[in-house]
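Novice: Encoded as structure tokens, here's the structure I'll be asking about.
Laboratory data are not the source of any read-out in this text; all were calculated from the coordinates shown. In this text the structure is predicted, and so the values were computed from the model without any measurement. No Cβ is skipped: glycine too gets one built from the backbone with ideal geometry, and neighbour counts run over all protein chains shown.
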Amino acid sequence: MLWLNAMTLSAVLGMASLSVKASDWERIDAGTLAWLKAVDFIDNDNGWIAGGSGTLLKTSDGGKTWQRKTVTRDNIRDVVFTDRDNGWLLCEQSVYGPGIASPTYILRTRDGGESWDRVSIETGRERMVRLVFSSTNSAAYAVGETGSILFAKKPEDTWKRTSLATQTMFTDGKILNDNEAVLVGGRGTIMRTENAGISWTEISTPNPLKLNSVYFVNDKKGWAVGVNGAVVITENGGISWISVDSNEKADLLDLIFIDSIEGFAVGDVGTILQTKDGGRTWFKLNSGSKHRIERIGRSGKKLIAVGFGGTILINNQSYRGSSPSLDH
């Protein structure tokens, strides 16, 4: 009996050790319970988080501590900084009705977030949900409801409104180079342009479910994730896609790849998946959270995931990749 108790205790301690080892994610208290929607890091130390009810957080120590900035009371759907001084916020009116031209507006800072001004956009009733910048900041999109996008040749210019030949919501996109871009959205919709947005072609997709996010490491290789654990992969710039089984049923909301081999996806109920073979197979990590994780970003050798209830998770484990990617 003593031998059995010792064996049982050893097994329990072994399982606990494995559990601790598997949970490489540290929960950071940023002093908010807001629904955090977006994260963007400029370099190893400087980053921003945006979310509901005007929540805007800034860090200058790699995410260890966060300072709240007051810019608006409206929801902030996305944040993109191109360097320490220049940044953009995608905002949504908290109250939308007669007399308000558009539920969506964009704010820009030129002084590192000390002051913000509205960017000129063409008005419309469709809500925009995500910003998409080229890696050279030579073009930008805001994507949203009923196939609508806002486009600017330069993000500081007036953003022109365009409706594409679909009624589904666009949820994300990537600008691959000066001519090519890919958008993803509802019902597995994937659309692609080869002429800088003058015309768009709908791409046949093996996945009929909503896609929430897309990521490319170069202008050929990319991945998209969506509801019920959907994962699709392209090797030719989004011209064709294949579906892979992630062995996950939770909705996947965002993803990031370190290089062409190693990547991470996040989603509902604290889900964090990792792949080490280019997205062909995935395994679940212990995030230590049950909250919905909306976005994942990168700060040097660290990964930062944010989500519901003020969730900020940081993974301090070094990973294999260091190659550049199409981060915006």
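Novice: What is the distance in Å between the Cα centres of segment 201-252 and segment 52-90?
Specialist: One Cα centre to the other: 28 Å.
Novice: So for the pair K160, K276, with labels modelled 7 Å out along Cα→Cβ, what separation do we get in nm?
Specialist: Label at K160, label at K276, 4.8 nm between them.
Novice: OK, next. Can you tell me which of 58-66, 257-265 comes out highest on packing, and rank the rest after it, using the mean Cβ neighbours within 10 Å?
Specialist: Highest-to-lowest ranking by the protection proxy: 257-265, 58-66.
Novice: Sorting M169, M191, M128 on the 10 Å Cβ count, fewest up front, what's the list?
Specialist: M169, M191, M128
Novice: Please list, by residue number, everything in segment 227-248 whose backbone N is under 14 Å from a paramagnetic label point 7 Å out along Cα→Cβ of E194.
Specialist: 236-240
Novice: Please state the charge dipole magnitude for the chain, taken about the Cα centre, from unit charges on C-beta atoms (+1 on K and R, -1 on D and E), reported in debye and rounded to the nearest 20. Please list the in-between numbers first.
Specialist: On the way: 37 positive and 37 negative charges, 106 e Å.
The dipole of the chain has a size of about 520 debye.
Novice: Still on this structure: List the extent of the Cα atoms of the chain along each of their three principal axes, largest first, rounded to whole Å.
Specialist: 77, 43, 37
Novice: If each of S260 and S240 carries a label point 7 Å out from its Cα toward its Cβ, how far apart are those two points in nm?
Specialist: Label at S260, label at S240, 1.8 nm between them.
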